[in-house]
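To start, the structure under review is shown below, and the notes come after it.
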Amino acid sequence: MALLELGTENKREIMSNIKTKIVHSENPTEHWSDIESVQGKIVMDFGCGWLFQEHESTPEYFINRGAKHYIGIEAACGEIEKLKELYPTHTFICKTILSKDDIVQLLNEYKPDTIKMDIEGYESVIKDITIQEFDCVKEIGVEYHNPECKDILETKLKEFGFQITSINQFGWFCTDINIMGILHAKRK
């Protein structure tokens, strides 16, 4: 049921259980902080690039927090080669995600517990994935790039049995907080 279809009291109750904040950077300690402990988990990171920053990269962030195995997927092959050198015990794949099949193949092969996804609008391909194809995932954080994508993610994740735990606005120097944000969800 869409949030718009609910009465005012029901909307308040649902929204009161969802954390919100404005995220001001790509620094993973702020950007992905709502993903709970990854200690001992398999983490799949769609969009793991951006190595050369003043803060730690998302691979470094999740590996340093105890991910049992980290799988990074990125379209920038140069960054993948550098990540393979830096973290040889983890998996890095140069791949552009354009369809449901690109995601499902990786889910079937690696069976991640946790997903972080920032693939510049292509996160909306989740709409075509089935609950059976997504059953290994227990927690997800997704940077969405427009309101329509946010709606797709909310609807699909609820259909999959996830509870939305936070919807954060992304207010970085070049983003509109009314358009972009980060959604986190955990399986109930």
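The values are calculated or read from the model by the stated rules, or taken from the named source; none is laboratory data. All values derive from a computational prediction rather than experimental measurement. Neighbour counts run over all protein chains shown; Cβ positions are idealised from the backbone, glycine included.
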Residue count, region 35-54 (criterion: touching a strand residue (DSSP E or B) at 6+ places or on another chain (Cβ under 6 Å), surrounded by fewer than 24 Cβ atoms within 10 Å (Cβ to Cβ) and over 16 Å from His90 (Cα atoms)): 0
Tally of residues being surrounded by 15 or more Cβ atoms within 10 Å (Cβ to Cβ) and out of contact with any Phe, Trp or Tyr (no Cβ under 9 Å at 6 or more places or on another chain) across region 96-108: 1
Hits in region 142-155 - residues which are surrounded by fewer than 16 Cβ atoms within 10 Å (Cβ to Cβ) and assigned to a loop (DSSP other than H, G, I, E, B): Asn146
Glu74 being within 16 Å of the chain's Cα centre (by Cα) and within 20 Å of Val137 (Cβ to Cβ): yes
Leading residue by the ranking (nearest to Thr114 (Cα to Cα)) among those in region 66-81 that are surrounded by 17 or more Cβ atoms within 10 Å (Cβ to Cβ) and of a type in the set (D, E, K, R): Glu74
Filter pass, Lys138 being at pLDDT 95 or above, within 19 Å of Val38 (Cβ to Cβ), among the basic types (Lys, Arg) and within 14 Å of the chain's Cα centre (by Cα): yes
Filter result for the condition that a residue is surrounded by fewer than 18 Cβ atoms within 10 Å (Cβ to Cβ), touching a residue at least 40 places away in the same chain (Cβ under 8 Å) and of a type outside the set (A, V, I, L, M), over Lys116, Lys158, Lys188, Lys111: Lys111
Residue among Ile93, Ile97 that is in contact (Cβ under 8 Å) with a residue 24 or more places away in the chain, in contact with a helix residue (DSSP H, G or I) (Cβ under 8 Å, 6 or more places away or on another chain) and not hydroxyl-bearing (Ser, Thr, Tyr): Ile97
Residue in region 96-117 that is at pLDDT below 95, closer than 25 Å to Phe162 by Cβ and in a helix (DSSP H, G or I) present: no
